[in-house]
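A.B. asks: I am attaching a structure below and will ask some questions about it afterwards.
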Amino acid sequence: MAASIESLLLEISNLEEPIEELQTLKTALFSIPLSALGDSVSGPRLAVIFSLLNGNDRELIELCVEILGRILLALSPVHLAQNCRMELQAGLKHPDDTVKILSLTQIGRIVENHEAVTEIQNNQDILREVIHCIAGEKISVAKEAIGVLATLSQSKAGLNAIFRSDLLKDLKDVMAASDIVRYRVYELIVDISSVSPVSLGYCVSSSFISQLLDELTGDDVLVRIIPVCDAVPSEGPKITGIQYGFPALTLMHRECSRFSESL
């Protein structure tokens, strides 16, 4: 079956509008276990599918996203980090949100892997695009981007990559895009600061926490909606920032998330 998939990829590379062949490829890919795919679908043949994302045909893009989602899942995070960085970075800037989510999902797999994470951690261009995705129109894109950055920030090296580089300015610039985006960034900051006293220290020294608390105590729309949001049950993640002298973090994690989704 892997051989037939490779022959389909070869056939697709020689066609201008391979809709029918892509449908056949999709069926074949989902009919066999991921373990049977392995690295047989990597390399130049895979680049053909990525290149088809550059067109304007919505049906073609949807098919390619489904196909790539299956194929990339069969590849190891290390392989993705070493061989697909450029394609994933291009996906972060794609006008179609499903392509953005595809890239963010795979970058998320990379940053979760201790052997692969340095390839992203040391790539400011990719991280900058991930930060810009927080300002995406669709909340689903923003959530994926927040998840990537929160996972990356679980290590000191990841914290340094974000808070001790030019990316800190990018994060603050993104905050200025709108109220919605600002509260998305707050959600990220609370996620990061809740991990440990060290991560909280990074968030404090970057002034995010003081700005967050100023908004909590100031005459801001968020303060006015807190009683409403509090009336809605939440099973969100437990925030341990309260242990470090910032009780407002426990409340703000849920409110920042809900506020960014409701405006």
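A.B. asks: Hey, could you check segment 152-180 for residues that are of a type in the set (Val, Ile, Thr) and modelled with pLDDT of 95 or more and say which is nearest to His114 (Cα to Cα)?
C.D. replies: Across segment 152-180, the extreme among qualifying residues is Ile162.
A.B. asks: Count, please, the residues in segment 144-182 that happen to be more than 17 Å from Ser206 (Cβ to Cβ) and surrounded by 20 or more Cβ atoms within 10 Å (Cβ to Cβ).
C.D. replies: 3
A.B. asks: Among the residues of segment 82-102, is any small (Gly, Ala, Ser), surrounded by 15 or more Cβ atoms within 10 Å (Cβ to Cβ), part of a helix (DSSP H, G or I) and modelled with pLDDT of 95 or more?
C.D. replies: Looking for residues that are small (Gly, Ala, Ser), surrounded by 15 or more Cβ atoms within 10 Å (Cβ to Cβ), part of a helix (DSSP H, G or I) and modelled with pLDDT of 95 or more, one finds at least one in segment 82-102, hence yes.
A.B. asks: Any chance you could count how many residues in segment 188-214 are under 16 Å from Leu152 (Cα atoms), in contact (Cβ under 8 Å) with a residue 12 or more places away in the chain and of a type in the set (Ser, Thr, Tyr)?
C.D. replies: 4
A.B. asks: Further, regarding this structure: Among the numbered conditions (1) more than 23 Å from Asp96 (Cα to Cα); (2) assigned to a helix (DSSP H, G or I), tell me where Val148 comes up short.
C.D. replies: (1)
A.B. asks: If I ask for residues that are surrounded by fewer than 24 Cβ atoms within 10 Å (Cβ to Cβ) and within 22 Å of Ile49 (Cβ to Cβ), which ones from segment 107-143 would you list?
C.D. replies: Selection gives Gly108, Arg109, Ala116, Glu119, Ile126, Glu129, Val141.
The values are calculated or read from the model by the stated rules, or taken from the named source; none is laboratory data. Worth saying up front: this structure is predicted, and the values here are computed from it rather than measured. Backbone-built Cβ (ideal geometry, glycine too); neighbour counts: all protein chains shown.
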